[in-house]
Amino acid sequence: MEPSTPPLYAPRTVRALLERYGLRADKRFGQNFLVDGNLLGVIVRTAQVRPGERVYEVGPGLGTLTRALAEAGAKVTAIEKDQRLLPVLEETLAGLNVTVVPGDALAYPWDEVPPDSLFVANLPYNISTPLLTAVLRANRFRRLVVLVQKEVADRLAARPATEAYGLLTLRAQYHARVERVRDFPPQAFYPQPNVTSTLVRLESKGVPDDPALFRLVEAAFAQRRKTLRKNLEAAGYARERVLAALSALGLDPRVRGEALDLEAFQRLKAALLGPTG
Ligand SMILES: C[S@@+](CC[C@H](N)C(=O)[O-])C[C@H]1O[C@@H](n2cnc3c(N)ncnc32)[C@H](O)[C@@H]1O
């Protein structure tokens, strides 16, 4: 770009690009484009990209974050569902080390990503939970840096016995060490969303998925108001085994699933199914 050209994140560049291509931000795709250069810098610094490192991004949008990651030395693969944005990306990412993959990130073969890649994204709010689940489960990323709704960040970083604590929390904390980096106000985006966003960093523990553990966790949270024992029985775990396992762990039979931390769930799994279960 010419030195006098305003950067891609400048609100007037974003508005001009959309106008030139006859586009409007589409709510169905969760399109809130980043228009704050300082906060863009925060995301890139948090990602700590090494030169030549592979970075996967979901939802490049107009290419703002994609471009910043490529300029920091990353080799970026960016998956975009909105076909209307593909010609824009061709223009804004020209000459950079970026591959744009058209399609739905929920259908992307995350298992095929080379190990130790990075994942960096300003996520569309409507897919953040299933997408994070799929990406964490694939166990291919060394680090994930994601901008999500504050409420999703609360769930990722929650402690037991809180309202935000649940399946997503345990999925995240099983696979990674979770750190909230900072909040992003609505003014950092165009158009402005109704909610605050939060940048979250997840440092992978490099552990493979544990389907039996997550079947147990899913069952435990099926009906939050019910006791753990009732939920497990409803999911088909034999009553006697459940009672014996709770007693072996020194847990009150009236305990709720939300009281158990990750380690307690792992011990419960071993007590119910045996160490190899
Ligand atoms: C919050 S915007 C972020 C745009 C850009 N990265 C930025 O920070 O300005 C979310 C982006 O995800 C795209 N998107 C929405 N659903 C998607 C899906 N299922 N798969 C891939 N991309 C999707 C939207 O079209 C949009 O470009």
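The values are calculated or read from the model by the stated rules, or taken from the named source; none is laboratory data. Just so you know, these numbers come straight off a predicted model, no measurement behind them. Reconstructed Cβ throughout: ideal geometry from the backbone, glycine too, with neighbour counts over all protein chains shown. To get the accessible areas, we keep the full protein, side chains included, count just its heavy atoms, and leave off ligands, DNA and RNA. Shrake-Rupley method; radii C 1.70, N 1.55, O 1.52, S 1.80 Å.
Looking across region 16-39, just one residue is away from the ligand (no atom under 12 Å from the Cβ) and at positive phi, and that is 22.
The single condition among (1) open to solvent by less than 40 Å² (accessible area, probe 1.4 Å); (2) touching a strand residue (DSSP E or B) at 6+ places or on another chain (Cβ under 9 Å) that residue 37 does not satisfy is (2).
The set of residues in region 45-64 being within 12 Å of the ligand (Cβ to nearest atom), open to solvent by 10 Å² or more (accessible area, probe 1.4 Å) and more than 17 Å from the chain's Cα centre (by Cα) consists of 64 alone. Residue-level analysis places residue 42 outside the set of residues that are in contact (Cβ under 8 Å) with a residue 12 or more places away in the chain and within 11 Å of the ligand (Cβ to nearest atom). Look at (1) basic (Lys, Arg); (2) farther than 23 Å from residue 68 by Cβ; (3) modelled with pLDDT of 95 or more and you find that residue 225 fails only one, number (3). When 176, 164 are checked against the criterion of being at pLDDT 95 or above and either within 16 Å of the ligand (Cβ to nearest atom) or surrounded by 18 or more Cβ atoms within 10 Å (Cβ to Cβ) (or both), a single residue qualifies: 176. Number of residues in region 244-277 that are crowded, with 18+ Cβ neighbours inside 10 Å, part of a loop (DSSP other than H, G, I, E, B) and either at pLDDT below 95 or over 26 Å from the mean Cα position of the chain (by Cα) (or both) equals 2.
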